[in-house]
């Protein structure tokens, strides 16, 4: 039975989970249905194919051996049964309403931490599949690979942001530990210095600014999801007119949508500039270490208080350029590196505190998950929409994930259902903001 230790960042995700804050990411894929039984057939296919994907057979168990005391490891589950992970549900008229209820349920920790929920449509011409993967099992790119293993065979290219070499674990060669201690101390101090950039940059940008109470909430354990689809040509039209990248435009859309949403719900956007965490992949193409997470991140202030849509976009673009110039291992990115210097037992004991500290670090997560440009299918049924979902950090009420698929941009929105009963209003604001940007570019 194969086994490998969880990397520190994976271990942090595993230990910060609670019943009211499940730490799984996911995606809701909507497929055309060739027949009324397409959903049932898809569930059978998913179960049959899952058995042949090694990554889906991996469970996570506690480790109490020396040098890894208090840690956890992935190992092949000898009792793996895909029927425990693939579930066929009754027909539904609202995929997102069903996805919200399923998203709020934590994954079973005693077996491989993933699920696939098949949701037949009441219309008989579509069905959806909600994939859930624990963040300790996979980041967004790794989750895509695992999901692709149960879809119809395609040749998926490696895509994503520029990869950075992941830090080496000292546990790979204990015999070298004495000689490596000076480098360890030096590296830890260096990473602490980088992390202090967060406090410095926030101190400089916080004066006169405030986050919004709408983005924080007491834990309710409830979830609501929504999706928005945009035409990628509209995004390119804005990008070509004012410069920057597609990602800059998509982040600026979030800032503008937050402004509209806060004003409509009566909270007001004056002086509001929430901190957005923008994850960055450090995964190497065709890496020899494909398991778990290879993540860093950027931190930017979203200019929600600025009434001018083009100035908002320029502010986002400038902040992203500054982050890229500094690199993903400074500022917010150094926090992920600091996880490598925390002993396993520290992650276990401090996991809940780390989760609570997230609200002090950032106010909203805005992440991008790249998808292949070619069409994906399940049982010959075409995937037409795909909404990625990010986990909510403790004390936060809204997270935004974005994917581009076949000429369209899909925003996947996850919110605390009690704190954000009007998620549909925010979803509509995303669409309206794109139209506003297009109009502003014409003036």
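The values are calculated or read from the model by the stated rules, or taken from the named source; none is laboratory data. As the structure is a prediction and not an experimental result, all values here were calculated from the model. Every residue, glycine among them, receives a Cβ derived from its backbone with ideal geometry; neighbour counts consider all protein chains shown.
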*Residue count for region 40-68, restricted to those that are farther than 16 Å from residue 115 by Cα and either modelled with pLDDT under 95 or buried (at least 23 other Cβ atoms within 10 Å of the Cβ) (or both)*: 8
*Enumerate the pairs (first residue in region 49-63 and under 20 Å from residue 378 (Cα atoms); second residue anywhere and surrounded by fewer than 19 Cβ atoms within 10 Å (Cβ to Cβ)) with beta-carbon separation below 6 Å, excluding pairs fewer than 6 apart on the same chain, so at least 6 apart or on different chains.*
53/149
*Considering every residue within region 55-64, establish whether at least one is in contact with a helix residue (DSSP H, G or I) (Cβ under 8 Å, 6 or more places away or on another chain), assigned to a loop (DSSP other than H, G, I, E, B) and assigned by TED's automatic domain parsing to the domain that holds residue 14.*
no
*Do you know which residues across region 283-337 are modelled with pLDDT under 55 and either surrounded by fewer than 21 Cβ atoms within 10 Å (Cβ to Cβ) or not in a helix (DSSP H, G or I) (or both)?*
285, 286, 287, 288, 289, 290
*Collect the residues in region 239-258 that are touching a strand residue (DSSP E or B) at 6+ places or on another chain (Cβ under 9 Å) and farther than 18 Å from residue 362 by Cβ, keeping them in residue-number order.*
246, 253
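Scan 124, 110, 71 and give me the residue that is at pLDDT below 95, over 30 Å from residue 418 (Cα atoms) and surrounded by fewer than 17 Cβ atoms within 10 Å (Cβ to Cβ). Reasoning before the result, please.
Details: 110 fails: over 30 Å from residue 418 (Cα atoms); 71 fails: surrounded by fewer than 17 Cβ atoms within 10 Å (Cβ to Cβ).
Just one listed residue meets the conditions, 124.
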*For region 199-227, what are the residues that are at pLDDT 85 or above and either in a helix (DSSP H, G or I) or over 19 Å from residue 20 (Cα atoms) (or both)?*
214, 215, 226, 227
_Residue count for region 127-144, restricted to those that are modelled with pLDDT under 95 and over 24 Å from residue 16 (Cβ atoms)_ = 0
*When region 105-145 is examined, which residues are found to be over 16 Å from residue 13 (Cβ atoms) and either within 15 Å of the chain's Cα centre (by Cα) or outside the structural domain of residue 57 (by TED's automatic domain parsing) (or both)?*
130, 131, 144, 145
*Answer with yes or no whether residue 181 is assigned by TED's automatic domain parsing to the domain that holds residue 277, surrounded by 16 or more Cβ atoms within 10 Å (Cβ to Cβ) and at pLDDT below 50.*
no
